[in-house]
Amino acid sequence: MATIAADAGAVRIAGANNAARAAGVDPGLSLTDARAVVPSLKVVEADPAADRACLDAMLTWARRYAPWLAVEGSDERGGAGLWLDITGCAHLFGGEQALLEDFAARLSRLGFSSRLGLADTPGAAWAAARCLASAETPACVPEGEQRTHLATLPTTALRLSTRTLETLNRLGVRTLADLLVLPRAPLTRRFGREVCLRLDQLLGRVDEPLSPEMERLPYVARINFAEPIGRTEDVEAALRDLLDSLCVRLEKDRKGIRQLVFEVFRVDNTAKRIAVGTGQAVRRPEHLFRLFREKLDGLDAGFGIEFLMLTVTATDPMESEQERIITGAESKAVIASQSGRDLALLIDRLESRLGSGRVVRPQRRAIHIPERAVGFIPALGRVNQTALPGDAREAALLHSDFGRMRPGARPIHLLPKPEAVDPMPVHASASPTRLMPLPGFSWRRQTYPLTAAEGPERIAGAWWRGALPSDRSKEEHSYFTLCEDGGAVREYWRVESESGARFWLFYLPFPLLPGGTGRQSRWFLHGLFA
């Protein structure tokens, strides 16, 4: 398989897997020539943006090895590798060779095949990675031995343009050793500064500084004390100052706080860490202080607190808002907006006291199975039907009448589990009718004669989840197990008793076990109407 991209009016190979390379398909080859070499070659369109996004993610991951990193070829076509300046970092991993081995092992566990090269200069490291290293063995060029160690490499190790490489090949210059013995003046007249510059960069005669992509530091505020403090009041006063300074910076950047960490460092090298979160982006210092205040009660200062640090770990965009301009009557839109913000602040305070994720609200799901028709989401969370685990396909296959169901079709109170009821016997003189499925039933030691009934409404199992059409199973399963698996075909009835109470009953048209054994009742009570 290979990826293709348009280049100067031709379609060329942008990348190839190991099988394609082994067959002779290399990057830069035209698609026509590649098809001639491998007629069964599979090709897909190259996605440089996705390649660059992958490299950016790997760049963040690789910061465990060095702080000075850059993506190779940071242009619109995307890069092909990573630069790491590990000066002063190798000893943390047991040496340069141990660092390379650890780097390669971690990339392999992530599913990447890599070629790693290490040298004194970026040019030599690039040549070692491309021409000396293999997927199994990294290449390390000894210090100061670039000329002797890399002399046998081809001229492609110099990062030259395709046109220059073709010219050198026609002239018979195929290795770095052939190039190093040539006089520099004719090379400069023929190729300009390109060849000599790359040679000097390889050998370390010309510096090649990297342009690192620095990690964006989070919003941090810190205060140091001349003398250790121990009173909670002093900590609260310092926290207010830190919150004020952070909120001013966030307002300039049009951002709001979602997660915030407050750290208290004591003189005995111990620390206390307090984290809070908000349901929506917030930039009010007084509200953020209230979230921390309850958690600061009983703070142990130890032998004294040396300094405090406040770090914003998550932000969201937040435009500046005008609170009010007139103190008189306000429009409905302003009142609604203000009430929404107040509700969000109230929920933040409740979660700070009760725990994260403890304040929720019910949300109706687009699922016809009653037990799964309602779920709970965070009180300020956005509804996303497809994000609910296991329910995306049910939502897509739901019949269109669900959203237009008439009021009163579902009970307000649903029992945690359906409870079996005993149907009253039918008198011999009574004539059977479809509109009255049973004369009455007994439930929780009370008898309810029925006067009206409406139904049936059949709710079948979710066949795409493996439910059996007739609920007959080769193994013995309880009714509730079948419900969890999306089984148990049910026929629901809305019935009314002589006392005016209304119930939601269902009947099992199919026995749960072969032959209907092991089941005394096939009528169940599932819900109560108001």
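The values are calculated or read from the model by the stated rules, or taken from the named source; none is laboratory data. Just so you know, these numbers come straight off a predicted model, no measurement behind them. All Cβ positions, even for glycine, are placed from backbone atoms using ideal geometry, and neighbour counts span all protein chains on display.
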Residue satisfying condition, being of a type outside the set (F, W, Y), loosely packed, with under 14 Cβ neighbours inside 10 Å and either modelled with pLDDT under 50 or not assigned by TED's automatic domain parsing to the domain that holds I369 (or both), within set A453, A460, A428: A428
Could we say that A530 is surrounded by fewer than 16 Cβ atoms within 10 Å (Cβ to Cβ), within 19 Å of A409 (Cβ to Cβ) and modelled with pLDDT of 90 or more here? no
Considering only strands (runs of 3 or more DSSP E) wholly within region 1-115, the ones with at least 1 residues that are of a type in the set (K, R) are 10-16
Are there any pairs, at least 6 apart or on different chains, whose C-beta atoms fall under 8 Å, with the first in region 133-161 and β-branched (V, I, T) and the second in a loop (DSSP other than H, G, I, E, B), and if so, which? V141/A119; V141/D120; T155/V173; T155/R174
T175, sole failed condition from (1) of a type in the set (S, T, N, Q); (2) exposed (fewer than 14 other Cβ atoms within 10 Å of the Cβ); (3) more than 40 Å from the chain's Cα centre (by Cα): (2)
Members of region 277-300 that are exposed (fewer than 15 other Cβ atoms within 10 Å of the Cβ) and closer than 14 Å to L246 by Cβ: E286
In this structure, does L187 turn out to be free of Cβ contacts under 8 Å to residues at least 12 places away in the same chain, part of a helix (DSSP H, G or I), touching a helix residue (DSSP H, G or I) at 6+ places or on another chain (Cβ under 7 Å) and of a type in the set (A, V, I, L, M, F, W, C)? yes
Members of region 85-109 that are in contact (Cβ under 8 Å) with a residue 12 or more places away in the chain and farther than 19 Å from L132 by Cα: D85, I86, T87, C89, F93
All positions within region 134-152 that are assigned to a loop (DSSP other than H, G, I, E, B) and buried (at least 20 other Cβ atoms within 10 Å of the Cβ): P138, V141
Hey, among A125, A53, A98, A57, which residue is aliphatic (A, V, I, L, M) and buried (at least 20 other Cβ atoms within 10 Å of the Cβ)? A125
Yes/no for R293 being closer than 18 Å to V220 by Cβ, among the basic types (K, R) and touching a helix residue (DSSP H, G or I) at 6+ places or on another chain (Cβ under 9 Å): no
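Residue by residue, here is whether (1) in the same structural domain as A104 (by TED's automatic domain parsing); (2) among the acidic types (D, E); (3) at pLDDT 90 or above; (4) within 26 Å of the chain's Cα centre (by Cα) holds:
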residue: V11; (1), (2), (3), (4): no, no, yes, no
residue: G28; (1), (2), (3), (4): no, no, no, no
residue: L31; (1), (2), (3), (4): no, no, yes, no
residue: R35; (1), (2), (3), (4): no, no, yes, no
residue: L41; (1), (2), (3), (4): no, no, yes, no
residue: P67; (1), (2), (3), (4): yes, no, no, yes
With within 21 Å of P212 (Cβ to Cβ) and assigned by TED's automatic domain parsing to the domain that holds E72 as the only criterion, which of L110, L99, L132 stands out? L99
